[in-house]
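Below is one structure; the comments refer to it alone.
Only the coordinates and a few stated rules stand behind these numbers; no lab work does. From a predicted model like this one, the values you see are computed outputs, not experimental measurements. Note that each Cβ is placed from the backbone with ideal geometry, even for glycine, and that neighbours are counted across all protein chains shown.
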Amino acid sequence: MEKVKEKKLTIRKIILLWGFFIILSPIIGCILQLVFSTVCYAGASVMSLWDEDVKQDMQSIEWNIFNKDEIKVVESKKISMYKGVMVFRIPGNRAGSFLGIFLTDYERKATPNSISAVHHEYGHNIQQLLIGPINYLLYIGLPSWRQWSERSYYDRPWEVTAESFGGVRTRQHEADALKRGNNYLLTTLFGRTIIILISTG
């Protein structure tokens, strides 16, 4: 009888921790995003005092942290802002995102592919806001970076929801791919807890 009570108490604790984690993850993601964007915006303000490229980039978006003009983003030389997210120029051949959007020289001209890259990477930031930074790094960033799938790149579960959230218009996706992506995103929060509950039950 005592063991049954202990088991029920343990399950209740796990459920409470799970609920707390579910609520806390997006809150942490939002706070981290707000702090990061604010610090980067302040940094851009200071850098603009001596870096003419940074000054021109920020003037082109009229210092608007919520700039929605993708063309001004892709035509930036060093930095920009897009819907509250800092955009950085990086060397290399692959764009990315974590708290900010990182664009390469391939996304320098206002082409449909460059604009789609901005939308796609912004969609990854939405994922991070929804599931929190730790889940994002483990379940979105890592599989994306390591390219863990045989599916077409943008139909992979961790990529297709970024397409959807970011509003990519140049690529269409099957309903099954979108469903897989949505289920995957939900599983990043709920799936592990279900496994824990089953293993303790």
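The range 128-155 and the range 23-39 have their alpha-carbon centroids 19 Å apart. Taking other C-beta atoms within 10 angstrom as a stand-in for reagent exposure, I79, I28 fall in the order I28, I79, fewest first. Note that the range 35-42 has calculated 3J(HN,Hα) couplings of 5, 4, 5, 5, 5, 5, 5, 4 Hz, one per residue in order, obtained from phi through the Karplus relation 6.51 cos²θ - 1.76 cosθ + 1.60 (θ = phi - 60°); glycine and proline are x. As a calculated quantity, the FRET efficiency between E52 and R171 at R0 = 41 Å, using C-beta atoms, amounts to about 0.70. Proximity of backbone amide H atoms, modeled 1.01 Å from N, is registered between V87 and S80, M81, Y82, I101 at under 5 Å, excluding neighbours fewer than 5 places apart on the same chain. Evaluating 6.51 cos²θ - 1.76 cosθ + 1.60 at θ = phi - 60° for every residue in the range 152-158, the Karplus couplings come out as 3, 3, 7, 9, 5, x, 7 Hz, glycine and proline recorded as x. The label-point distance for Y106 and S152, in a model that sets each label 7 Å from Cα toward Cβ, rounds to 1.7 nm.
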